[in-house]
1. Which angle between 0 and 90 degrees, to the nearest 10, do you get for helix 37-49 versus the longest principal axis of the chain when only C-alpha atoms count?
2. Looking at the range 5-69 from every direction and averaging, what is the projected area of its Cα convex hull in nm²?
3. Residue 46: which aspartates and glutamates have alpha carbons under 18 Å from its alpha carbon, excluding same-chain residues fewer than 8 sequence positions away?
4. Karplus couplings for the range 7-18 from phi (6.51 cos²θ - 1.76 cosθ + 1.60, θ = phi - 60°), rounded to Hz, Gly and Pro as x?
5. Quick one: Karplus J couplings for the range 85-99, per residue in order, coefficients 6.51, -1.76, 1.60, θ = phi - 60°, nearest Hz, x for Gly and Pro?
6. Hey, can you grab everything whose amide H is under 5 Å from the amide H of residue 35? Only 5+ residues off in sequence or another chain; H modelled, so Pro and N-termini drop out.
7. Where does the chain land on the Kirkwood hydrodynamic radius, alpha-carbon pairs, in angstrom?
8. Beyond 17 Å, what percent of the Cα pairs of the range 75-119 remain?
Amino acid sequence: MSIKESGEMYLETVLILSRKKNIVRAIDVVEYMGFSKPAVSRALGKLRSEKLIIIDGNGFIAFTESGRRLAEKVYERHIILTEFIKGLGVDEETASADACKIEHVISDKTFEAVKASLKR
């Protein structure tokens, strides 16, 4: 399955929100990301059609197993890359913004090398 960067960002957002509170709904995603309700609705609908999330009758968003795995992978990349870039002397805000761009395109091989270098 190939998911676009925007889909990965929505999955990451749902993961972050679910760690802050038990129940995540589309309106929470709208507020967190600052996107319009129709844009969020379309994106969540696509994630649902790709069987990455489930939205119940009350509008509560939950991950499928594959959706959670992908969200965790993207989030781990964001955290590790932010720390790596901060280690180069870059401020937190810039490091996080740059990590957000890189996390979607970095190869597994390069990411593992970055991770290993942080452990040293």
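Computed from the coordinates by the stated procedures, all read-outs in this text should not be read as laboratory data. Keep in mind the model is a prediction, meaning the values are calculated, not measured. No Cβ is skipped: glycine too gets one built from the backbone with ideal geometry, and neighbour counts run over all protein chains shown.
1. Tilt of helix 37-49: around 90 degrees.
2. Numbers: hull surface 16.0 nm².
The directionally averaged projection comes out at 4.0 nm².
3. Within reach: 5, 8, 12, 28, 56, 65.
4. x, 4, 5, 5, 4, 4, 5, 4, 5, 4, 5, 5
5. 5, 4, x, 7, x, 8, 5, 4, 4, 5, 4, 5, 5, 5, 4
6. none
7. Numbers: mean 1/r = 0.0664 Å⁻¹.
Computed over the chain, the radius equals 15.1 Å.
8. Value for the range 75-119 (Cα pairs over 17 Å): 21 percent.
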